[in-house]
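Heads up, the thing below is written out as structure tokens.
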Amino acid sequence: MLRRRLLYPLAVVLLLGQMAFAMVTTAVQQSPTIDEPVYVATAEVYRQQHSLVYNPEHPPLAKLAMAAGLAFVDPKLDAPFRVNQSYLGRHVLYEAGNNPFELMLAARLPIVLLTLLFGLVVLFFARDLAGPWAGLLALALYAFSPDLIAHGALATLDVPAAGFVLVTIWMLWRARSRPGLYLPLAGVALGAALATRMNTLAVVPVALLLALLAPAVVKRAPLAGLRSRETWRQLGLRVLGAIGVGLIAVAVVWLVYLAVDPRLRWTTPATLPHPGGLKGLAVDLLPFPQAYRDGVLIQFVFESRTFNGFLLGEAYRGALWYYLPVALVIKTPLGMMLLWLAGVVTLLIKKWIAALYLLLPAGVLMLVAMTGSRDYGTRYVIFMPMLLAVAAGAVVLIRWRWTWIPATALAAFVGVSSLLTFPYYLPYSNEAFGGTSNTHNNLHDSNVDWGQDLPRLAERLRTKYPGEPVWLVYKGSGVPNYYGIQSRNPLTVPVDQVRGLLVVSDSRVALARNQLKRLLDSSTPIDQVGYSITIYRR
């Protein structure tokens, strides 16, 4: 009996252990992705200068976590005040005398830790819904998710924001039995989500609605009828409970900003447009610091622009409403999608109230994300493999004798698919779309090539192509020279002068036109690096 009782925690440790190993391995091997230098440098400004001046379009909480890791390596920060934030990131990593490998690992490890802790939330949430084996199944899907491993290993905001939304929903679920304890904790988690990314604002009305489903904190008396005084009293107490959740969330956001700068020294940029109308009024009414409200306005500026996209081999301008669902289908393991579907159907039939808690926030966040102007990756819906892993655990509620056999087989299929892509999790796609090596033919940007493979490229050129001339078109925030990559830009000379190795980031290949397209059309692909960079021979 004791041995059987030990098997469960051992399985949990093994699942999270392999996830930790995968994330730390990728964190060590990858160069900074496009967004990371800005976040890392901003985190160090928070730590040393207590200033909110950089990266105001994103709230500080996840960057404060990065700053906690950076404190162990104490980077030099000598950039001039108020420089461009992209320049600041490059300067701190490559020009100030710091070791970029050391800095990136120090900033990434707190996010790795948060990702593992959110895995425990998935485990306990699914246990609450359907028992211990549901928790283990949900954790397996979470721990083997290529998207969660890929982005959980990066110093970015996507996984922390989604994870705090997950915690919020879990606390609201538990508040149905102990509202006095879990409603305040739900408010703290909601505030943490809002203090990490502004897209989580979309979940606020959902969270407050779910808070109404919790019993009143004050003990209820038996209801005498729909119109009875006690009925209205209890309803009023529930409304007060929901308001309390909102007020605690607001307080958490203020505390996070005050933790960066106790004096809140923030000046609205003179060039920041105010949209006016209902949108502008909504921003002005937000009960958050001015820096937060201005950050929302900066996000509106981004969303008003037109960006390039790439889906299923076709480049385009603008945004496709169906981009994120299609990208999610491409990048989610097949067994995982089948278990998601089975879990959702099971919840709708056997435990519809739990489906409300999981599917309503997931649906609202998905719909909001689908209206975005940037078709850049499934990281914008990274909450899906979290919330739907919990839903998938509900398949154990099916009272068919052999249910565990297909469920275990599908989970094992997910694990094998995930392990086979190691350590190339960022460009993962499932077998139906050709696997990891084919992702660049269907998607671009953070789905496959986010500038992460400069160290691997340097090693490949040094060992396989020594002494050959290199022409490089790189998309990313890394500095190729730092890694020993000596190259020239082929877009600055006539096409007929480009001879030797043409090395191109796959995100640039996807959107190639004019001279780059002519170069690619007259070159022969001979090698791939990290499934994100293609080497051609000219």
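The values are calculated or read from the model by the stated rules, or taken from the named source; none is laboratory data. Computed from a predicted structure; not experimentally measured. Here Cβ is always computed from backbone atoms with ideal geometry, including for glycine, and neighbour counts include all displayed protein chains.
Worth pointing out:
- Only one entry of Pro427, Pro423 meets the criterion of being outside the structural domain of Ala150 (by TED's automatic domain parsing), outside any helix (DSSP H, G or I), in contact with a Phe, Trp or Tyr (Cβ under 9 Å, 6 or more places away or on another chain) and over 20 Å from Arg127 (Cα atoms), and that entry is Pro427.
- Which numbered condition Asp74 misses (of (1) out of contact with any Pro (no Cβ under 7 Å at 6 or more places or on another chain); (2) closer than 28 Å to Tyr380 by Cα; (3) not aliphatic (A, V, I, L, M)): (2)
- Subset of region 296-343 [among the charged types (D, E, K, R) and in a helix (DSSP H, G or I)]: Glu303, Lys331
- Per-region count, region 496-516, residues at negative phi and loosely packed, with under 15 Cβ neighbours inside 10 Å: 4
- Which listed residue, of Leu70, Leu113, Leu154, Leu77, is within 18 Å of the chain's Cα centre (by Cα) and without any contact (Cβ under 8 Å) to a residue 40 or more places away in the chain: Leu113
- Some residue of region 261-272 being of a type in the set (Phe, Trp, Tyr), modelled with pLDDT of 85 or more and touching an Asp or Glu at 6+ places or on another chain (Cβ under 8 Å): yes
- Any hit, region 362-371, residues being within 19 Å of the chain's Cα centre (by Cα), closer than 18 Å to Leu15 by Cβ, part of a helix (DSSP H, G or I) and small (Gly, Ala, Ser): no
- Leading residue by the ranking (surrounded by the fewest Cβ atoms within 10 Å (Cβ to Cβ)) among those in region 34-66 that are within 27 Å of Val448 (Cα to Cα) and among the small types (Gly, Ala, Ser): Ala65
- Taking helices (runs of 4 or more DSSP H) as the structural unit, those lying wholly within region 1-95 and holding at least 1 residues that are within 30 Å of Ala251 (Cβ to Cβ) and hydrophobic (A, V, I, L, M, F, W, C) correspond to 36-49, 61-70.
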